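S.K.: My structure is below; once you've seen it, I'll send some questions.
The values are calculated or read from the model by the stated rules, or taken from the named source; none is laboratory data. Just so it is clear, the model here is predicted, and its values are computed rather than measured. We place every Cβ from the backbone using ideal geometry, glycine too, and count neighbours over all the protein chains shown.
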């Protein structure tokens, strides 16, 4: 089973996050704790995350 698209710990730099597009890692990276919006062209634009 493949994980869904989203931000995950970068397998090559665990102190950073990297965008998994559902098929492969992309070149999009983010610092943990930074606002994690989907990268441009990810196909998830317009989706919002519920904040509790």
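S.K.: Among the residues of segment 18-36 satisfying the criterion of being over 16 Å from residue 3 (Cβ atoms) and outside any strand (DSSP E or B), which is modelled with the highest pLDDT?
M.R.: Taking the candidates together, the pick is 31.
Residue-wise test of (1) assigned to a loop (DSSP other than H, G, I, E, B); (2) modelled with pLDDT of 90 or more; (3) surrounded by fewer than 14 Cβ atoms within 10 Å (Cβ to Cβ).
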site	(1), (2), (3)
7	no, yes, no
16	no, yes, no
38	yes, no, no
52	yes, no, yes
